[in-house]
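Let me begin by presenting the structure, written as structure tokens, before commenting on it.
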Amino acid sequence: LADPVGWLADIAACLREGGHLCLAVPDKRFTFDHLREPTLARELLGWAVERPRAPTPGQVYDHLLHCAEIDGGEVWLGRPAPRRIHAGEPDVPRRIAEAVAAGGERPDVHCTVWTPWSFARAWTTVIAAGLLPLALVALDPTRYAEIEFFATFRKLEASLDERARLAPRLDPAQHHALPGPPAPASTKPRRRWFGRD
């Protein structure tokens, strides 16, 4: 999604008041995005103004420059050892991005990159800017040995302050922490992070 804010705004227009949108989001730490920096709110806001319909040259360049071979299982064990795919060809990402800028074919890339914490931080900032009639109401962190986390938005025609109060509160100190394996005999249901819980 080259313009995630515009995409969410289009979906919000189709939702009834109180309707939910649930997303499965790749966690960059366990995918080929491992070496990339998380997307920032200012980037989302910039794309919301530009309204790109396909990956921008910058998005293509960042994806290709940092795209890595990675074993998600090894990351969970604390041994990521990523290897840049284009490490021996540093000019390839630049040449492809230049071709995109000149109107060439746009490759399929991850335009945005997230961890659960960076996702919550960026989207609460965008929502606080008044660009979406949505609230981020739940965030399930990445489960042990998996590569995605789950986020839930709800359409609310409420005040910005009220929507901000519903946002999950994630501990920045846990931004890089990896949760350990679940207890072997646990039968408890999966814990969801709702609001101020």
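The values are calculated or read from the model by the stated rules, or taken from the named source; none is laboratory data. In this text, all values refer to a predicted model and were calculated from it rather than measured experimentally. Virtual Cβ from ideal backbone geometry, glycine too; neighbours counted across all protein chains shown. Ligands, DNA and RNA are stripped out before the accessible areas are found, and what is left, the full protein with its side chains, is counted by its heavy atoms. Shrake-Rupley method; radii C 1.70, N 1.55, O 1.52, S 1.80 Å.
Structure notes:
- Residues whose placed amide H lies under 5 Å from that of Phe149, excluding near-sequence neighbours: Val25, Asp27
- Portion, in percent, of the accessible area of the chain that falls on carbon or sulfur, probe 1.4 Å: 55 percent
- Three semi-axes of the equivalent ellipsoid, segment 28-74, Cα gyration tensor, whole Å, largest first: 24, 12, 8
- Ala87 paired with Ile11, simple spin-label distance in nm, labels 7 Å along Cα-to-beta-carbon: 3.6 nm
- For segment 63-117: relative contact order, % (alpha-carbon pairs under 8 angstrom, 6 or more apart): 32 percent
- Residue-count net charge about Asp71 - beta-carbon cut-off 13 Å; Lys, Arg +1, Asp, Glu -1: +1
- Site pair Ala99 and Ala24 shows an inter-label distance of 3.1 nm when each label is modelled 7 Å from Cα along Cα→Cβ.
- Over the chain, dividing the summed -39,500 (n - 2.57) contributions of all DSSP H runs of at least 4 residues by the number of residues returns a 222 nm mean residue ellipticity of -9500 deg cm²/dmol.
- Label of the coordinate-derived value, Kirkwood radius over Cα pairs in Å, listed as [x] 17.0; [y] 18.2; [z] 19.4: [y]
- Theoretical FRET efficiency, 1/(1+(r/R0)^6), r = Cβ-Cβ of Thr125 and Leu77, R0 41 Å, to 0.05: 0.80
- The residues of the chain expose, per residue, 56 Å² of accessible area to a 1.4 Å probe.
- In this structure Glu43 has an accessible area near 70 Å², from a 1.4 Å probe over the protein heavy atoms.
- Highest-first arrangement of 134-144, 1-11, where packing means the average Cβ count within 10 Å: 134-144, 1-11
- Convex hull per residue volume in Å³, alpha carbons only, for segment 10-113: 130 Å³
- Across the chain, the relative contact order, built from alpha-carbon pairs under 8 Å that are at least six residues apart, equals 27 percent.
- Per-peptide average of other Cβ atoms within 10 Å, ordering 81-90, 25-34, 64-73 highest first: 25-34, 64-73, 81-90
- Taking each residue as 0.36 nm, the span from Glu69 to Tyr144 lengthens on full extension beyond its C-alpha to C-alpha distance by 25.0 nm.
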